[in-house]
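Structure first, then comments.
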Amino acid sequence: MKKIVLFLAGAAVSLALQAQVRVSIHETAQNQPVIPAEIYGQFSEHLGRCIYEGIWVGPESSIPNVDGYRSDVVKALRDLKVPVLRWPGGCFADEYHWMDGIGPKENRPKLVNNNWGSTVEDNSFGTHEFLNLCELLGAEPYISGNVGSGTVEELAKWVEYMTAENGSMAELRARNGREKPWKVKYLGIGNETWGCGGDMTAQYYSDVYKRYALYSRNHGDNRLFKVACGASDYDYDWTRTLMKNAASKMDGLSLHYYTVGDWNHKGSATDFTADEYYNTLAKSVEIDQVLRNHEVIMDVYDPQRRVALLLDEWGTWFDVEPGTNPGHLFQQNTMRDAMVAAFSLNIFQKHTARLKMANIAQIVNVLQAMVLTKGSQMVLTPTYHVFRMYNVHQEATYVPTDYSCGMLVSPSGRAMDDFSACASRDAAGVLHVSLANPSLDKSVTVELSFDQLKPGSVSGEILKARRINAYNDFGKKPEVAPAPFKEAKVSGKTVQLTLPAASVVVLEVK
Ligand code: AHR
C-alpha cells in the first residue's frame, strides 16, 4: 500500500520526518536482460558551443588539445565511458551536407546554422573529426542522416564514404587521410521528421523512411542498425503508424522526451523554488508511463520485440543562462538535474526489453550537459557525476527489486514514487544498487534484503548538495561532487542505510 504525500499550497504535508523502505533484491532471478551500455548514450549537435569550443578547438588552439579535441573534455568523457555518441543533430542534421565537412579545411564552405542562432560555422568539424573522436572515446557512432533537405543519393554516398572498402567514395576518403573504413553501426534516417526534419505526416514519412533506408547499404562487413524517426512525447499515433507501415524495414524507432513544464516559460536552470523542483522531477519520471505506452503499441506490431526503441533525445530544458545567445541553449546544471538523471536512468534500466538506447541532450554546453566549458575552463556537472556513478550498470545483468514506497503529488498534479532503486550484477558477480531520495526535507531509512546472498561488505558513493539549487561554477570550488558513502552497514543478512534528503547513492555489495 502506497502512502501519499500531498502538496498543498506549495508545501509538502507529511507526518513523518523520515520514511522507511524495504528493498528485496532478487539476485537469484534467472533469464534477466543485460543492461545495454547504450542506455548511457550521449548526443552531440552543432548547436551553440557543443562542438566548437566544447569538444573541438582545433590543433592550433592555446587550449590544451589532442589533435584539435580539447584534452580536459576528452579525459572527462573517457572517464564517463560514453558508449554511443549521436551526431550531427538534432534539427541541425536535416540541413547538414556532409560533403561540406571533408577535405582540406581551407576549402570547406562556411555554413549558417539556421536552427541555432544563425551562427556561422566553418565546417572544420566534419565526418573525419567526428568518427575519429568516437574512436578516441571508444564510443559507437550514431549518425543522424539528412532526410529533410538532403537527397537519398547524398545519404547513400555518406554511408559509402564512411564504411566502404572500395569504390570512388572509399578513394575520396583515402585521399582525405583515412584509408581504412570506419565502423558505423547506428544510422538515423531523419530527425523529428514531424517538425524541423521535414514537417511530414507519419503516413508520408513511412514511405520516405523506406526509400532512404533501402539505399543506405551495408558495405563490406559493416552492418547498419537503421533507426526510423519516432514520436515526440505523447504522440502515440506516430508510433502506431510507423510500426504498422515500416516495422519490417527498421531495426529501431526513436522517441524524444524533454522535461519541460511550459515551453513558453521554461524557468531558470538555477533559480527555482521547491514547487518547481518537484514539478520538474515529476514531469521527468512521467517518461516511465510514456515509454510503457509506446512499448505496448510496438508490441502489437512486433510481439517478438525485434525492433528497438531508442530514446535518442531526453533531458531537462530550461531557460538559457542570462546574457547568453537564446539560440545556443546553454543552461547551468544543478542537483535538481542530478535527481532527474538518477530517477530517469533507474527507469530506463527497467525498460530494456524494448528500450535499447537513450541519448541525453546534450554532451557539452547544451541543455542537460555532462560538462560545461568557458574558454579554457571546464566544470563537471551534477548530471555528469550521476552518469559516472551509474556506469557500473553498463552491460551488467539486471537484478529485479521489489519495494513499497510512498508517493508524492507535485504541485502541478503529477504523482510519483518518493523513492527509486535499481540493481544489477556485473561480470565479476558484484552487485550494484542505485538509490535516490527525491524529498527535500526527509531522509529515508533503507533496508536491503536478498534472496540468498549473505552480504560480506558494502561500500558506495553519494551525491548530495547543501541545497538543491547548487551547481558547479567556473573558477569556484565544486558545490556538487560525489563522496564516499560510509553509512551503509551489513547487519545479519541485510544492508541498512539512511539515504539523506535529495541524494543519490550507488552501493557495491559483495
Ligand atoms: O536538442 C535540441 C533540439 O531539440 C534538437 O536539435 C531537436 O531534435 C529537438 O527538438
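If you check every pair at least six apart or on different chains, which have Cβ atoms under 7 Å apart with a residue in the stretch 49-76 that is without any contact (Cβ under 8 Å) to a residue 40 or more places away in the chain first and a residue that is crowded, with 16+ Cβ neighbours inside 10 Å and part of a loop (DSSP other than H, G, I, E, B) second? Here the result reads Val57/Ile63; Val57/Gly68; Pro59/Gly68; Asn65/Val57, each pair linking the stretch 49-76 to a residue that is crowded, with 16+ Cβ neighbours inside 10 Å and part of a loop (DSSP other than H, G, I, E, B).
Condition check for Gln42 on (1) under 25 Å from Gln349 (Cα atoms); (2) crowded, with 22+ Cβ neighbours inside 10 Å; (3) away from the ligand (no atom under 16 Å from the Cβ): one failure, at (3). For the stretch 132-149, the criterion of being surrounded by fewer than 21 Cβ atoms within 10 Å (Cβ to Cβ), within 16 Å of the ligand (Cβ to nearest atom) and not in a strand (DSSP E or B) is satisfied by at least one residue. Looking at the stretch 1-99, the strands (runs of 3 or more DSSP E) lying wholly inside it that each contain 2 or more residues that are at pLDDT 95 or above sit at 18-25, 41-43, 84-87.
Per-residue answers, yes or no, for (1) touching a Gly at 6+ places or on another chain (Cβ under 6 Å); (2) in the same structural domain as Asp275 (by TED's automatic domain parsing); (3) aromatic (Phe, Trp, Tyr):
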site	(1), (2), (3)
Ala361	yes, yes, no
Leu367	yes, yes, no
Thr373	yes, yes, no
Val379	no, yes, no
Thr383	no, yes, no
Val386	no, yes, no
Ser410	no, no, no
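Within the stretch 302-329, the set of residues being over 26 Å from Leu440 (Cα atoms) and crowded, with 17+ Cβ neighbours inside 10 Å comprises Asp302, Val307, Ala308, Leu309, Leu310, Leu311, Asp312, Glu313, His328, Leu329.
Do any residues in the stretch 184-195 that are assigned to a strand (DSSP E or B) have Cβ atoms under 7 Å from those of residues that are basic (Lys, Arg), where the two are at least six apart or on different chains, and which pairs are they? That search, which allows pairs on different chains as well, returns Leu187/Lys226; Ile189/Lys226. Within the stretch 296-309, the presence of a residue that is closer than 24 Å to Ile363 by Cα, assigned by TED's automatic domain parsing to the domain that holds Ile189 and within 16 Å of the ligand (Cβ to nearest atom) is excluded.
Scanning the stretch 185-199 for residues that are under 17 Å from Asp251 (Cβ atoms) and within 8 Å of the ligand (Cβ to nearest atom) yields a single hit, Asn191. Pairs are defined by a Cβ separation below 9 Å, a sequence spacing of at least 6 or placement on different chains, a first member in the stretch 90-107 that is not assigned by TED's automatic domain parsing to the domain that holds Asn359, and a second member that is buried (at least 16 other Cβ atoms within 10 Å of the Cβ); no pair meets this definition.
The values are calculated or read from the model by the stated rules, or taken from the named source; none is laboratory data. Worth saying up front: this structure is predicted, and the values here are computed from it rather than measured. Backbone-built Cβ (ideal geometry, glycine too); neighbour counts: all protein chains shown.
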